[in-house]
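The values are calculated or read from the model by the stated rules, or taken from the named source; none is laboratory data. Values in this document were obtained by computation on a predicted structure and should not be read as measured data. Ideal geometry is used to build each Cβ from the backbone, glycine not excepted, and the neighbour counts take in all protein chains shown.
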């Protein structure tokens, strides 16, 4: 993964690889948001609906200043919102995101990071310090926990979840607001035991502000056809809305049961 640096008026400008932007996002953090879809992702989630963001080193190269200028052109419509970096996996370009968020915060813009947390390396001191620096300028992290079970997570995404769960705890310890997102897929994550286990885990996240339970859909299937890629989940049906409601209830039950065990609930 390379980061391009060029010189303009004797000032070094770092560019990020951007897949696309959305000017009126309503599901990517609080309020109406300017959403930046960044290029590149190491995960291969079976239900991914953005396979066109996987490859690194592609997309449009933009500077933080260029993206902030785009934001400024629509900021009057960003009611209660701000900027969200998503992907792909934005943490593949963490240096660029840190610079963007630092400059956004200097302008009083709310910053949100939507990530899988896969690049977090708790045993690497240099990497941890980079994350500390990033979170200084991050108002909210929306963390996708794909599967709470380690082995099932590997089957679902191609990676174990150790670093992701460690990142969730790290965000909480740093005092950064946290939203947990979880996609519920029939026969994969729609499982009572796993959902309760997820609830027990998030019960210990002190800065948890919200839980988004997202029902699996098939809207990304057309992209696979366009790219000539087999759709991994074949004919798996979308999750029924009532099952999504039930899944959320099970997660919250697991959370409450865990809190009672630790005597933090009367």
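Among the residues of the range 77-90, is there at least one that is at pLDDT 95 or above, touching a strand residue (DSSP E or B) at 6+ places or on another chain (Cβ under 8 Å), surrounded by fewer than 19 Cβ atoms within 10 Å (Cβ to Cβ) and not in a loop (DSSP other than H, G, I, E, B)?
no
Working only within the range 156-194, note down all residues that are out of contact with any strand residue (DSSP E or B) (no Cβ under 8 Å at 6 or more places or on another chain), in a helix (DSSP H, G or I) and in contact (Cβ under 8 Å) with a residue 40 or more places away in the chain.
Answer for the range 156-194, where residues must be out of contact with any strand residue (DSSP E or B) (no Cβ under 8 Å at 6 or more places or on another chain), in a helix (DSSP H, G or I) and in contact (Cβ under 8 Å) with a residue 40 or more places away in the chain: 156, 157, 163, 166, 170, 174, 192, 194.
All but one of (1) closer than 26 Å to residue 113 by Cβ; (2) within 20 Å of the chain's Cα centre (by Cα) hold for residue 255; which doesn't?
(2) is the only condition that residue 255 fails.
Checking the conditions here, which among 94, 142 is surrounded by fewer than 23 Cβ atoms within 10 Å (Cβ to Cβ) and in a strand (DSSP E or B)?
142
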